[in-house]
Amino acid sequence: MKILVLNSGSSSVKYRLYETRAWSVLAEGRIGRIGEPAGDAWHRWRVAADTTRESRDVEPVSDHEAALGRLTQHLETQGLLEGLDAIGHRVVHGGERFHCPVRIDEAVVDAIAEVAPLAPLHNPANLAGIEVARHLFPEVAQVAVFDTAFHQTLPPAAWRYALPDELHARYGVRRYGFHGISHAHVTRAAARWLGRPLEDLAMVSLHLGNGASAAAVAGGRCVETSMGMTPLEGLVMGTRSGDLDPAVPLFLQRQAGMDAGAVDRLLNHESGLTGLCGTNDLREVHRRIEAGDPDARLALEVYCHRLRKYIGAYAAVLGRLDVLIFTAGVGENDAEVRQRVCDGLDLLGIGLDARRNRAAGGGIRSIARSDSAVAVLVVPTDEEREIARATREVLRA
Ligand code: ADP
């Protein structure tokens, strides 16, 4: 099958075109700075089995329609869209309605629009991509793959906030969880790599990118996750605070004269590592620690402390731990974070091998000591590939 994966964000559209027989990437790229005076487009595509070409331009792109138009035109010019079987769309919020990927029709479009208040930055952009793609490719099957769907297996004890039911029933106030596409991909990939059935394994998956979340996965089903109604809850992130006493935003509004918008900005964009030490990039945090910056050192300590707390909590939720997974920008690259997170967790059966942990390498790799009861793995995430896989599954069904 030939499947085009589209990830339409608020200011960019990323894409990847797959041939699913060998999962080869025929083309990929990104059209960024949508709506700005200068655009930022990048394309790479295959012209022969072992030859790729690349192009870049800064032509302005007014909106999502223009971005998808440009992308389509580029792929068509290269003759790459011939025989396209499906388009898989990443959709951030599927609310309670979507437990798995679905083929898109009018009702699905309406349902995605209905949950948009829960993801006001993401769902409208995702929908814009869907609308334009349906218009451009009316004959091609379109599939929505949700970032929340993997977490719909959470039991009520995990998804319910201790709030009156009316808030859930009327406004959908509950925990949903995000990064589900990534957690689904890395947990399945880890089981395959270990040569063990997913059904037999209790795993904790740590997706540590600019956004960060943990998931506890029992037998392939997610039973607990750190993000909540929005991606703000849970771990310390690049610019998000993660867990916080819910009274803090109220206090800031009453005592510091901040309005709701200012608190939203603070907690989502000016907190986390940025709030603690002025940068959201862990590479820079390490550089500043080297230079003797105490704020950077504390930021790293807060970041890792929160992670350790979650691993312990999730081991308790699972009642057992077989696999610990590190993924995304920080999880895949930051040996020091992995070391600090795992140090002294022998009580959970986690034994990190310092040398393996420091060794560079691509692909899935074990960083555990040979006597570690828990498999500790670095698993590169690949959300596009997971969206393509899910899209193919929907088409086959
Ligand atoms: P996003 O959530 O935007 O998809 P990524 O998964 O790409 O993010 O992760 C981005 C973050 O990963 C950066 O902000 C940086 O903190 C971290 N990162 C990337 N490369 C490295 C590295 N080599 N060492 C440590 N941290 C890294």
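What the table shows:
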| quantity | calculated |
| --- | --- |
| Residue within the range 188-195 that is within 21 Å of residue 309 (Cα to Cα) and either not in a loop (DSSP other than H, G, I, E, B) or not small (Gly, Ala, Ser) (or both) present | no |
| Those residues of the range 314-365 which are part of a helix (DSSP H, G or I) and touching a Ser or Thr at 6+ places or on another chain (Cβ under 6 Å), in sequence order | 328 |
| Residues of the range 197-223 satisfying the condition of being in a loop (DSSP other than H, G, I, E, B) and either free of Cβ contacts under 8 Å to residues at least 60 places away in the same chain or farther than 16 Å from residue 374 by Cβ (or both) | 197, 209, 210, 211, 219, 220 |
| Failed item, numbered, when residue 80 is tested on (1) without any contact (Cβ under 8 Å) to a residue 40 or more places away in the chain; (2) at negative phi | (1) |
| Residues that are touching a helix residue (DSSP H, G or I) at 6+ places or on another chain (Cβ under 7 Å) and either modelled with pLDDT under 95 or within 12 Å of the ligand (Cβ to nearest atom) (or both), drawn from the range 379-389 | 380, 381, 382, 383 |
| Flag for residue 170 being surrounded by fewer than 20 Cβ atoms within 10 Å (Cβ to Cβ) and in contact with a helix residue (DSSP H, G or I) (Cβ under 7 Å, 6 or more places away or on another chain) | no |
| Residues of the range 370-389 classified as part of a loop (DSSP other than H, G, I, E, B), under 17 Å from the mean Cα position of the chain (by Cα) and buried (at least 21 other Cβ atoms within 10 Å of the Cβ), total | 2 |
| Helices (runs of 4 or more DSSP H) wholly inside the range 123-185 that include at least 3 residues being within 30 Å of residue 81 (Cβ to Cβ) and within 21 Å of the chain's Cα centre (by Cα) | 123-136 |
| Options 30, 70, 90: the member that is modelled with pLDDT under 95, buried (at least 16 other Cβ atoms within 10 Å of the Cβ), at negative phi and not in a loop (DSSP other than H, G, I, E, B) | 70 |
| Among (1) of a type in the set (Val, Ile, Thr); (2) away from the ligand (no atom under 16 Å from the Cβ); (3) closer than 29 Å to residue 329 by Cα, the one test that residue 181 misses | (2) |
| Which listed residue is surrounded by fewer than 22 Cβ atoms within 10 Å (Cβ to Cβ), more than 21 Å from residue 176 (Cβ to Cβ) and within 14 Å of the ligand (Cβ to nearest atom), from 305, 286 | 286 |
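Yes or no, residue by residue, for (1) crowded, with 23+ Cβ neighbours inside 10 Å; (2) β-branched (Val, Ile, Thr); (3) within 15 Å of the ligand (Cβ to nearest atom):
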site	(1), (2), (3)
320	no, no, no
327	yes, yes, yes
340	no, no, yes
346	no, no, no
351	no, no, no
366	no, no, no
391	yes, yes, no
396	no, no, no
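The values are calculated or read from the model by the stated rules, or taken from the named source; none is laboratory data. Just so you know, these numbers come straight off a predicted model, no measurement behind them. Backbone-built Cβ (ideal geometry, glycine too); neighbour counts: all protein chains shown.
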